[in-house]
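A short worksheet on the structure shown next.
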Amino acid sequence: MADSGGSRADGEGIHIGEEVAAAVGIDEELDSNIVGPYRFPNPRRRRIGGWVYLAGAALAFTAMPRGWILGAGLIGVAAWHFASAWPLLVSEEEAMALASANTGYVVGHASAAVTFHGWRARPRWSVITYSADEPPSQRALVIVDAVTGLSVGDPYIEALTPVTGGP
């Protein structure tokens, strides 16, 4: 069902036409008209911040009368940046495949989001899967370590009851 504004709502969700998206200035990350591969930025880029803080510490030590206080703090922050710069070795697609193997049912739809765990912010993929039957009879949440590819804990699996009735 299309309206005069180029938007439509159907079983696939809400869709906004390209001209409407451009006219209202929808952010690129929210614009469903942009297609193509997407890769989550690697957390290893935190090392850049570590080097910046180390440079700031060096400046504080040399340029300030009591710069050792600030410099010591900046070294601590830099150490955290280096310690939390985990490599993202498991891609979103690999995480969904690993999660599918842990559910015990044939997966139809799946979605993954990266989360961070612990004070060193270790990356994890939170993968939600739905069974392939229509409508889905089961769904699961599987946590996959984004560094090792191992499943973290047991998957949470629940049965779904179909929604009946209508307007």
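The values are calculated or read from the model by the stated rules, or taken from the named source; none is laboratory data. Predicted model, so just to flag it, every value in this text is computed and none were measured. Positions of Cβ are generated from backbone atoms using ideal geometry, with glycine treated the same way; all protein chains shown enter the neighbour counts.
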Considering LEU74, LEU98, which residue is outside any loop (DSSP other than H, G, I, E, B), assigned by TED's automatic domain parsing to the domain that holds VAL152 and surrounded by 18 or more Cβ atoms within 10 Å (Cβ to Cβ)?
LEU98
Considering only region 50-67, I want to know if a residue exists there that is modelled with pLDDT under 75 and of a type in the set (D, E, K, R).
no
Positions within region 22-47 being modelled with pLDDT under 70, surrounded by 12 or more Cβ atoms within 10 Å (Cβ to Cβ) and not charged (D, E, K, R), in sequence order
ILE26, SER32, ASN33, ILE34
Output for region 48-71, where each listed residue is surrounded by 15 or more Cβ atoms within 10 Å (Cβ to Cβ) and under 28 Å from GLU92 (Cα atoms)
GLY49, GLY50
Breaking point among (1) more than 26 Å from ARG46 (Cα to Cα); (2) crowded, with 17+ Cβ neighbours inside 10 Å; (3) in contact with a Leu (Cβ under 9 Å, 6 or more places away or on another chain), for ILE157:
(2)
Does GLU93 count as farther than 20 Å from ARG45 by Cβ and either hydroxyl-bearing (Ser, Thr, Tyr) or assigned to a loop (DSSP other than H, G, I, E, B) (or both)?
no
Restricting attention to region 123-166, which residues are among the small types (Gly, Ala, Ser) and either free of Cβ contacts under 8 Å to residues at least 24 places away in the same chain or assigned to a loop (DSSP other than H, G, I, E, B) (or both)?
SER126, ALA132, SER137, ALA146, GLY149, GLY153, ALA159, GLY165, GLY166
Run SER126 past the list (1) surrounded by 18 or more Cβ atoms within 10 Å (Cβ to Cβ); (2) polar (S, T, N, Q); (3) within 30 Å of VAL77 (Cβ to Cβ) and report the number of the one that doesn't hold.
(1)
Unique match (being surrounded by fewer than 18 Cβ atoms within 10 Å (Cβ to Cβ) and not basic (Lys, Arg)) among ALA79, ALA112, ALA146
ALA79
